Structure formats: structure tokens, C-alpha cells
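Peer 1: The structure's right below; bear with me while I get my questions together.
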Amino acid sequence: MRKLLSIVFWFPLMVAAQDEMRIQQAENYIFEGNEAFDALNGVEAEKNYRRAAATGTKTDIARFNMGATLQQDNFVDEALRAYADVTKTTKERPNKHRTFHNIGNALMQIKDYKGAVEAYKNALRNNPNDDETRYNYALAKKMLEDEKQDQDQNDNQDNQDNQDQQNDQNQDQEGENDKEQEGDNQQDKKDESGDEGENEKDEKESDKNDEQDQQGNNEKEQQPPQANPAQLSPQQVQNLLDAMNNEEKKVQDKVNAKKAKAVGTKSKKDW
């Protein structure tokens, strides 16, 4: 029983001693980190701040200082994540003010002016008397307004450029349409000229054919009329037959006379 009571008695003292050790350890890491930060040794400073946060004590200070180190080395996204962790855990208004102030500065680095304005607003809610925060807030608002004006001008210029481009395309299209229409008109004129030429050619050929037909008719009219064999009289036909018979008889007599003569012997040739 006494042994059990002694264990219970000493346990709270042991826990308190361990907390003191972690707090002292965290403070030592933070001190070493601050020394490295002042010496612009960002790597060593970040390492010590992370060690301090890992002890589970002084975490708000360790993360805030780590965010400042990362921001100084232009690791803005990582710095913003460290600051965001601080805003979730810290309770003191001065700590919140400093954290939101640094968030605004980090956002100004990446030209997120809208986000910077909101961050400075939160910083001023926790400390409205800080002149530096008020100045940064006014500067962020001015940069945001200028950005909007530039964006509007760019939009207007883009719209004007698009309109000009559309007008140029319309003019080009009208020019193409005019060329096509002119080409069609020229083709129509060419076709009409071709048709007129064909018609004129046909008319000339037709006139020529008519002249040839007329000339042929005139020649036929000028030729003497020919006798028609079908108009011979029976006596004329009989006379022609008698003449043909007499001629045939004379030819037959000549043939018979030639047959009565002797035929000569063919001579031999030496081969």
C-alpha cells in the first residue's frame, strides 16, 4: 500500500519535470533558430524551429518564426501554411495581429492583392493602432484598384482587337464574295459571247448551205434535159435489137475465120 501511494505521489512531479525539460528544450531551439535567422542562415534557422515545434511546446512561436524564415527565403507557399497553423492555435491578439500582418506581406510578394487586403483587415481587427499595418492595407487596396483598371483596359483592348479581327475577316470575306461575283459576271459574259459566236456561226453556215442549195438548183435548171429510155417507141426498140444482132453475127464470123488457120509449132530451148 505504501509503495502504491509513493508512486502516485511522485508521478505529478515527474510530469512537471518533463514539461519543464520540453519547454527549456523548445526555448533553446528557438534561441538557436533566432541566431541563425539573424545571420541569414535560413536552413539552420528552419531546422531549429521545426525541432522546437516537435517538442509540443512553444509551437505558436516556433511556427511563426519558421514562417518568417521561409518567407525571407521566398518560399512563400510554405510560409503561408506555417502562418495558417498559427492562426488556428494562437489565442493572444498580439500574436494574431503579427501573424495576419505577415500573411498580408507574403501575399503581396506573390501579387495576390485581394488576399493581402483581407489579411491586413484581420491584422487591424486585432491591433487597429499599428501604423505599418494601416499603411500596408492602403497600399494593397491601391494595388488592387490598379490591377482592376489594368484588367479592364486589357479586356477592352482584347474586345477591340477581337472586333477589329472580326471586321478584317468580314472585309476579307466581302472581298472574296466580290471577286467570286465578278468572276461569275465575266463567265456569264464569256458564255453570252460564246453563244453569240455560235449563233453567228450557225447563221453563216445556214446561209452558206442555202446558197449552195440555191446554186445546185440553178445548175440543175441550166443542164439540158436527158432522154428517158422509157419513152422509146416500139419501132426504135426493134431497130436497136436488129443492130445488136448484126454486130454479134459479124463477131462470130471473125472468130470462125481465125479457127480455120494452122497453129505454129513451139520452139525448144536448151536447158
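Peer 1: When you look at T133, is it hydroxyl-bearing (S, T, Y), more than 24 Å from R22 (Cα to Cα) and without any contact (Cβ under 8 Å) to a residue 60 or more places away in the chain, yes or no?
Peer 2: When the stated conditions are applied, T133 passes them.
Peer 1: Quick one: would you say D158 is under 30 Å from R50 (Cα atoms) and of a type in the set (D, E, K, R)?
Peer 2: The answer is no for D158.
Peer 1: Here's something else I'd like to know. What pairs come up if the first residue lies in the stretch 57-77 and is assigned by TED's automatic domain parsing to the domain that holds E32 and touching a residue at least 40 places away in the same chain (Cβ under 8 Å), the second is buried (at least 20 other Cβ atoms within 10 Å of the Cβ) and part of a loop (DSSP other than H, G, I, E, B), and their beta carbons are under 8 Å apart, counting only those six or more places apart or on different chains?
Peer 2: Close Cβ pairs satisfying both conditions: none exist.
The values are calculated or read from the model by the stated rules, or taken from the named source; none is laboratory data. Everything numeric here is computed off the predicted structure, so don't read it as measured data. With ideal geometry, Cβ positions are generated from the backbone for all residues, glycine too; neighbour counts draw on all protein chains shown.
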